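Here's the structure we're looking at; comments come further down.
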Amino acid sequence: MSERPPISPRSPRAALEPEQVPPPPKRSDRARNPFVIVGNAIFTILIILMIGAGATYYYGKQTLESPGPLQEDKIVNIPARAGKRDIADVLSREGVINVNPWVFIGSVFALKASSDLKPGEYSFQKNASLRDVIATIVDGKVVQHAITIPEGLTSEQIVTRLSDNDIFTGSVREIPREGTLLPETYKFPRGTTRDQVIQRLQQAQKRVLAEIWERRNTDSPLKSPDQLVTLASIVEKETGRADERSRVAAVFVNRLRQRMKLQSDPTIIYGLVGGKGTLGRPIKRSEITQPSPYNTYVIDGLPPGPIANPGRASLEATANPARTRDLFFVADGTGGHAFTETYDQHAKNVAKLRASEKQIQNDTVEPADDPAPAAAAPGAADTNPTAATPPKPTNQKKPPRSGRQGAAQQTVSPPVVQR
């Protein structure tokens, strides 16, 4: 049995004093190397940066890809010369994005799009993400507005329409020459200048006219593209029915071949009002015989220029008219025309039209069912105020006018044409 060392008694004060701890071991010379210290610091910083970059990437990806606040598709206009902060404010105000403007700016830089943002009117889709919003602006996918230019308008009327449309800017410096604009449906972004619109219509007309002229019937008496446009403008104003254009064109072509006057009503109107386009009343007898460079009841052959801007279909019909011997046509009362080869047949069609118009006029007013009493007692008129006069017909329609009597006979006194 081993002996325990004797226990030395300690005073209370000595017992309270801490025992001396041995000093820590000295660091090795390698650990104290400055390269090691710097390396450890760099490694630590790299770890922190990697963690931060990962967090930033995750947050940025979520921000870019998360659905946006738009509840439905919306069109927003980004003004010209707007900076990135201005664009962010516009998008926030319109409810397209719901992030801090600086987040938007940071996203633009992250997508390397800081110099590619374009002004314009954009359509943003429902729940468009921030990435989609920026991509739409970068790609310049501006909204295209469809503008329809109807066939048969004069250049002045077309310019008026463009001036009244608020998606265009600027003003037209001068009215284009008649017949140089192609009526069609075009698409333009908001902010397009009106001169640019005119230039596009003119370029389209030149292209289409060249194509149609190449495909024309070479037996036609028309000697130039300008003559084609002039006659096509008359065809355009004479009929709006697609199935009649080539036949109306044939009437005028046949008359040109036989050196007959064209006798077209719309040319009289153009000679009276020019680019205004419409007369607003029937043609007077005195106006039919009134000399005018455009009055084809007076002049021989074609007028000096177009009376409107014809569409593609009228140009095609005039370049390749129907193969008929028709020399006359008159409205048939149903929206179309009756075509004939001789004046006698034409006169019968005119008489039939007049009879039909007269019958319609008579049918629009009916006599009262009961005649009014010879003498009415005081106050009786209040009980039946319409008894003494026939009632106005309900939904009364105006009788159809001949509208376009078309080419008539070549006579010294042309017939009166009522519109």
Of the listed peptides 103-110, 41-48, 285-292, 304-311, what is their order by residue-averaged count of other C-beta atoms within 10 Å, with the highest listed first?
-> 304-311, 103-110, 285-292, 41-48
Heavy-atom surface of the range 161-259, accessible at 1.4 Å and reported per residue (Å²) = 51
Quick one: if you stick a label point 7 Å off each Cα along the C-beta vector at SER129 and ARG281, how many nm between them?
-> 6.9
Given the candidates THR180, VAL133, ILE158, the one whose Cα lies deepest towards the positive end of the charge dipole of the range 39-194, counting +1 at each Lys or Arg C-beta and -1 at each Asp or Glu C-beta, is VAL133
LYS118 versus ASN40, label points 7 Å from Cα toward the beta carbon: distance in nm?
-> 5.7
The long-range amide H neighbours of GLU121, using H built 1.01 Å from N in the peptide plane and a cut-off of under 5 Å, are ILE78, VAL143, ARG190
For LYS187, tell me the accessible area in Å² from a 1.4 Å probe, rounded to the nearest 10.
-> 120
Carbon plus sulfur fraction of accessible area for the range 237-278, probe 1.4 Å, in percent | 43
Which pairs in the list LYS74/LYS276; LYS112/LYS141; LYS284/LYS352; LYS206/LYS237; LYS84/LYS126; LYS141/LYS276 are over 29 Å apart, alpha-carbon to alpha-carbon?
-> LYS74/LYS276; LYS141/LYS276
The range 157-284, Cα convex hull volume normalised per residue, Å³ = 135
Using alpha-carbon positions, what is the distance between the centroids of the range 240-262 and the range 142-191, in Å?
-> 29
Give the long-range amide H neighbours of ILE147: residues separated by 5 or more places, or on another chain, with amide H under 5 Å away, using H modelled in the peptide plane at 1.01 Å from N.
-> TYR186, LYS187, PHE188
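The values are calculated or read from the model by the stated rules, or taken from the named source; none is laboratory data. A quick note: this is a predicted structure, and the numbers were derived from the prediction, not measured. Methodologically, a virtual Cβ is constructed for each residue, glycine included, from the backbone with ideal geometry; neighbour enumeration extends over all protein chains shown. Only protein heavy atoms, including side chains, enter the accessible area calculation; ligands, DNA and RNA are left aside. Shrake-Rupley method; radii C 1.70, N 1.55, O 1.52, S 1.80 Å.
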